[in-house]
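First comes the structure, then the notes that go with it.
The values are calculated or read from the model by the stated rules, or taken from the named source; none is laboratory data. From a predicted model like this one, the values you see are computed outputs, not experimental measurements. When we count neighbours, we look across all protein chains shown, and the Cβ atoms used for this are built from the backbone with ideal geometry, even at glycine.
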Amino acid sequence: MQLSKNALQLLESRYLRRNRTGKLMETPDAMFKRVARHIASMEARHKDKWAEHFYDTMSQLLFLPNSPTLMHAGLPHGQLSACFVLPVEDNLKSIFTTMAHMAMIHQQGGGTGFNFSGLRPMGEIVSSSGRQASGPLAFMELYDTATEKVRQGARRSGANMAVLNVDHPDIEAFVKAKSKGTILRNFNLSVGVSDAFMTAMENNSKWELLDPRTAKRIKSISARRLWDQIVGQAWSNGDPGLLFLDAINRDNPLPKMERIQCTNPCGEVPLAAYGSCNLGSLNLAKMVRDENGKKQVDWDLLEHTIAIAMRFLDNVLSVNTYVIPEIAERTMADRKVGLGVMGWAELLILLEIPYASDQAVELGERLMEFIGSKSKETSQSLAKERGVFPNWESSLYYPDRPMRNATCNSIAPTGSISIIADTSYSIEPLYALAYQRVGVLNGRVQNEINSVVVSHLRRSGLWSRSLQALVRDTGSIQEAAGLPNELRNLLLTSMEIPWRYHLRHQQAFQKYTDNAVAKTVNLSSTASKETVSEIYSTAWHYGLKGITVYRDGSRADQTLQACRLNKLSGC
């Protein structure tokens, strides 16, 4: 097992066990063995064999589970899931009980999502006390403060998703909440959008804001004006994103049980109240083989890894520690897992397919169809061996398809595990060929230059001191003289790729993903509000479940920074 310098830094900082004095007591290899043994411990037969399979798959960086599993598996009272959704009802007991549950989840490295739309709007008279209601934003700020306090002692910072439906009377205040940049720093914000609103916006119609308790009209506003406010704030600082709730519920595997109103913090897992999901990702950059001197997708290795990863994720559900009884009950009833991918951009480079091409989009759809199909086949096999998930009879799979898991796939951002695997994030294009990662390790800066790109340029005989200096300075090869156009197209970076290809990749992977796809459309600092509007509108027309944009430099705390942005040396 060979890990990068950045991977070792991250593992030592957050994942590897230490004693009470802070001394490291674990190596990366020992961590993978600890996790493998614990996840295999629930196997009725052949525990050692499965522990070996799990270890081999992780140590070869073919598949990695979400961070809480790597951190806590095999430790007392270890919470292994990353994604949770909690209910917020319109009474103080619910609001503060949920905040306590949030703190317990964050303490163990999980993230939480909330839909605050059930809370009465600010200023409404509370009949029991005669006082004015505080409104959703006041309680979001309270949750934000609690998150800040808890994260100070946690190995992995807590994160939140706040959703407010587009017909809530406080929606305009919610949209503008981050305009000052001083509140809700521990929240991603998303507007819960309906098809009806999108139609009203496109028709430039009036839009009614409704009392969340009575559904009576509070006032009418211009749908287009509200849209412009959403777009303007997203252009300004990346928030809010959009959740297309009707699209989410069209794919809800349990429509008889509930209407889903929220997702986890990054949007890849739509969940009902008290729902949770275990995530893991396949490293696509490893799923290649040489054939007559050219690299091809290794479909056999991919299929083998999917089967092991799905069994791993289902086992996590059984050995997990659930800090809240309601979450244990709902999670075990649905047994949702989310097997996703990372290293997509690097796989395309290895195959010499430009990200901004129809060929890449077609391969993405074919690849995710394969992953989705094989994931469900494994879930069916597990159902024969272990039984169906308890809510199966209320699911879309009943009665023809016995399944162990209500969902199988989810495309997560893979922020930390991509660093461990030394590969590109999720299905994102390369952010830059060289960049700095800021704020991941308590203020420590990590320099990154993509090794797959360097290897490709060396094989092409084009890697030189001058090109290396240019890549380190700009994060790109586009300003280099004398390079073939095919190479320029192959190595386009995130902000050099037309935004429509960002969405087409998301659409291709979403087509065969039963949860959702977390994807950010990265834009240059010069991108216009009109461009953001077109991206958000196109995402709805493409049938996506959610969309986020980020304009370069629009936040002071930007995690990935091209070297030129800060004019720093040594990148």
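Worth pointing out:
- Among the residues of region 70-96, those that are over 19 Å from the mean Cα position of the chain (by Cα) and farther than 16 Å from residue 140 by Cβ comprise 72, 73, 74, 75, 76, 77, 78, 91, 93.
- Complete set of residues in region 479-524 that are crowded, with 24+ Cβ neighbours inside 10 Å, of a type in the set (A, V, I, L, M, F, W, C) and closer than 17 Å to residue 339 by Cα: 509, 516, 517, 518
- Any hit, region 286-302, residues being under 30 Å from residue 108 (Cβ atoms) and not aliphatic (A, V, I, L, M): yes
- Total residues in region 24-51, condition over 15 Å from residue 64 (Cα atoms), touching a strand residue (DSSP E or B) at 6+ places or on another chain (Cβ under 9 Å) and not charged (D, E, K, R): 2
- Qualifying residue in region 74-83 (condition: more than 19 Å from residue 187 (Cβ to Cβ), without any contact (Cβ under 8 Å) to a residue 24 or more places away in the chain and not hydroxyl-bearing (Ser, Thr, Tyr)): yes
- When residue 54 is tested against (1) assigned to a loop (DSSP other than H, G, I, E, B); (2) of a type outside the set (Ser, Thr, Tyr); (3) within 16 Å of residue 314 (Cβ to Cβ), exactly one condition is not met: (1).
- Among the residues of region 86-96, those identified as in contact with a Phe, Trp or Tyr (Cβ under 8 Å, 6 or more places away or on another chain) and either assigned by TED's automatic domain parsing to the domain that holds residue 319 or in a loop (DSSP other than H, G, I, E, B) (or both) are 86, 87, 88.
- Selection within region 527-537 - surrounded by 17 or more Cβ atoms within 10 Å (Cβ to Cβ) and free of Cβ contacts under 8 Å to residues at least 40 places away in the same chain: 531, 535
- Unique match (being within 18 Å of residue 263 (Cα to Cα), in contact (Cβ under 8 Å) with a residue 24 or more places away in the chain and in a helix (DSSP H, G or I)) among 104, 99, 161: 99
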